[in-house]
Amino acid sequence: MRHNPFKINAARQEQAAGSRPLTLSGKPPVLLLSVLMAAGTLSAALLSSSSPSDSDSAGNGAGQCATCHLEIASRQLASDHAHTMMKVEDIPELMRALPVEHLDRASGVAYRIERSSAQPAGVDLVARMGTREETLRLLWGVGAGRKGITFIGQSDQGAFGQSRVSWYQKIGKLDVTTGLEKRPVDAYDALAGWLNPHESAHCLSCHMTRNENTPPDSIPEADAGVHCERCHGSGEQHIQAMAEETDNFSRGIDNPGRLGALEQVYFCGACHGIPPGGADLRALGHAMAMDHSVRFPAERLVLSRCYNESGGRLKCTTCHDPHENLASSFDGNCLSCHEDQAGFAIPCPQSNDDCVRCHMPRETGFMTHSAFADHWIRVVTSSD
Ligand code: HEC
Ligand code: HEC
Ligand code: HEC
Ligand code: HEC
Ligand code: HEC
Ligand code: HEC
Ligand code: HEC
């Protein structure tokens, strides 16, 4: 069995940090814009003539926002939010590595991802079990690649499914998708977790900007990934206000930065895990007991004393710029409350840096090849 490993390189992350442009070929207009913008080769004025697909009937794409919000847009377009759902053929690292193979020893199923002449992407996942082979025509890669990518594809019979194998960054190769470990009965079963239209819409709902009820084979590229209007609402009125040259720039656009702490936790939590409501202590106890809730930062953060005893000062945006990937250090965020002089919260008797290592440790073991920082900020004891 040949394993052809690949890694999503750091270029995208570095670009997000503003240091280096990404070199991608065959990218759609929106992404191409980001490359040009990051390289500083395109002026804001030019961007207003962005391609029609950026401003389809469903709304105004990042391209239009970029006309005026160039700096934010170029960072956001390079982020994992924007890349969390990509056409398979637009994942250069995957395309270069093909064919990729994996043997699931537990079930004896042999998998390979290979080029084919099939439309639309020309990339197939083939599962062989015994003497039978079945094929999933791949459409989308879900997940930006920081941890993993699961594929959404279509069978010859027209059914949509999520691939039973995913690609994992940590090991640089394929392995069985979290949640689909159950032993398959035949090659067709081994291919994918099959999704009815409702399940497919739910699956993609947190990985795209709008119209998640569109069948996966008809989703326009501009709707895939989490872009401006998913968080800010439709930009139509806002852009209109600009055209009318009123000075009411904020009109018609939401700014989730203005939300109170709990409202913002719910806002981001729509995708990152909604915490149990109000005074439902049983639900809270449940969240605390459940290791896998570590995947859902919003559910864990509300358990922290930092959150509960800071009078609404602690929000998601205290520590995260939603237009960018994770920062490299969070000490400044912690110390904004826990520094001696600030006097707002007690300082640490143990250390004055690297706070996250001890108080928000990364947890593994409940999702394949993935670790998550525990947002229940606390003094972690050995019994935890
Ligand atoms: C023609 C120029 C223009 C376009 C196009 C434009 N904006 Fe703005 N926007 C502005 C200006 C000017 C402001 C006010 C100054 C500022 O905050 O930068 C603003 C403010 C904002 C704010 C802050 C609002 C607040 O209440 O704090 C958000 C959010 C925003 N824009 C998002 C968007 C999004 C999303 C798009 C694309 C759908 C977009 N803008 C398109 C010019 C524009
Ligand atoms: C529409 C759903 C959605 C909303 C709303 C959303 N996110 Fe995300 N977010 C995602 C998805 C999906 C990913 C995973 C990206 C990937 O594929 O790696 C992600 C990734 C992240 C990451 C990790 C970035 C990295 O370095 O990879 C952070 C931090 C984050 N989101 C913070 C926020 C915050 C803060 C908010 C609220 C302001 C928010 N998100 C709102 C869907 C969402
Ligand atoms: C309720 C919102 C939501 C739904 C529904 C959802 N995801 Fe995600 N998904 C996320 C968020 C948020 C992340 C980022 C998690 C992180 O890194 O903290 C993510 C991350 C991922 C990743 C990257 C690996 C990882 O763990 O970060 C993959 C792959 C993925 N999702 C696939 C899927 C597939 C396939 C479905 C449907 C079967 C699905 N997701 C349904 C919100 C969702
Ligand atoms: C994941 C959700 C999310 C996405 C996607 C997103 N934003 Fe934002 N945006 C926010 C939040 C949250 C704030 C408030 C930030 C704060 O207060 O720290 C914000 C603030 C802003 C502001 C106000 C100025 C500022 O820096 O605070 C502008 C302008 C803006 N966003 C434009 C955009 C544009 C343009 C895009 C697309 C290229 C975009 N945003 C995509 C969540 C998002
Ligand atoms: C918005 C202010 C704020 C921020 C930001 C903040 N905290 Fe706190 N934190 C508090 C408050 C308030 C308490 C309660 C104790 C006190 O009053 O000093 C607390 C308590 C704690 C405790 C004690 C928990 C316990 O269970 O006894 C730890 C540990 C801690 N914080 C670590 C951190 C770390 C690490 C960060 C950064 C990742 C951070 N905090 C960010 C406000 C904050
Ligand atoms: C006190 C600071 C702080 C606050 C507040 C905070 N985060 Fe985080 N977040 C972190 C740190 C630290 C990490 C891990 C960074 C790392 O490991 O490099 C992280 C990681 C993440 C990730 C990536 C998951 C992972 O572990 O790989 C997501 C998604 C995320 N945060 C979302 C959120 C959301 C949504 C909120 C609000 C409900 C939030 N965060 C509030 C500090 C914070
Ligand atoms: C090497 C691990 C480590 C690092 C790094 C670390 N802490 Fe701690 N911290 C601890 C331990 C262990 C305790 C509890 C034992 C104690 O009180 O001495 C603690 C206690 C705390 C407390 C509660 C103090 C009290 O009296 O209840 C706060 C608040 C805190 N740390 C914040 C931080 C902040 C902010 C940072 C970064 C500037 C940080 N810690 C870095 C290990 C660490």
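The number of residues in region 294-313 being closer than 19 Å to residue 361 by Cβ, within 16 Å of ligand 7 (Cβ to nearest atom) and of a type outside the set (D, E, K, R) comes to 5.
Counting only residues that are away from ligand 7 (no atom under 12 Å from the Cβ) and either small (Gly, Ala, Ser) or on the phi > 0 side of the Ramachandran plot (or both), region 354-384 holds 6 of them.
Residue-level analysis places residue 159 among those that are without any contact (Cβ under 8 Å) to a residue 40 or more places away in the chain and either in contact with a Pro (Cβ under 8 Å, 6 or more places away or on another chain) or outside the structural domain of residue 268 (by TED's automatic domain parsing) (or both). Inspect all residues belonging to region 341-351 and state whether any of them is aromatic (Phe, Trp, Tyr), touching a residue at least 24 places away in the same chain (Cβ under 8 Å) and within 16 Å of ligand 3 (Cβ to nearest atom). No, there is no match, as no residue in region 341-351 is aromatic (Phe, Trp, Tyr), touching a residue at least 24 places away in the same chain (Cβ under 8 Å) and within 16 Å of ligand 3 (Cβ to nearest atom). Residues to consider are 86, 95; find the one that is in a helix (DSSP H, G or I) and touching a residue at least 12 places away in the same chain (Cβ under 8 Å). Unique residue meeting the criteria: 95. Tell me, which residue of region 318-361 that is outside any helix (DSSP H, G or I) and aliphatic (A, V, I, L, M) is nearest to the chain's Cα centre (by Cα)? Of everything passing the filter in region 318-361, 326 is nearest to the chain's Cα centre (by Cα). Within region 269-285, restricting attention to residues that are at pLDDT 70 or above and in contact with a Pro (Cβ under 8 Å, 6 or more places away or on another chain), the residue that is farthest from residue 364 (Cα to Cα) is 269. When 226, 185 are screened for being within 16 Å of ligand 1 (Cβ to nearest atom) and assigned to a loop (DSSP other than H, G, I, E, B), only 226 passes. In region 198-217, how many residues are within 15 Å of residue 159 (Cβ to Cβ) and in contact (Cβ under 8 Å) with a residue 24 or more places away in the chain? Going through region 198-217 one residue at a time, the tally reaches 5.
Scanning for something surrounded by 14 or more Cβ atoms within 10 Å (Cβ to Cβ), more than 15 Å from ligand 1 (Cβ to nearest atom), within 28 Å of residue 121 (Cβ to Cβ) and not assigned by TED's automatic domain parsing to the domain that holds residue 297, does region 229-250 turn up at least one residue? Among the residues of region 229-250, not one is surrounded by 14 or more Cβ atoms within 10 Å (Cβ to Cβ), more than 15 Å from ligand 1 (Cβ to nearest atom), within 28 Å of residue 121 (Cβ to Cβ) and not assigned by TED's automatic domain parsing to the domain that holds residue 297, which makes the answer no.
The values are calculated or read from the model by the stated rules, or taken from the named source; none is laboratory data. Worth saying up front: this structure is predicted, and the values here are computed from it rather than measured. Neighbour counts run over all protein chains shown; Cβ positions are idealised from the backbone, glycine included.
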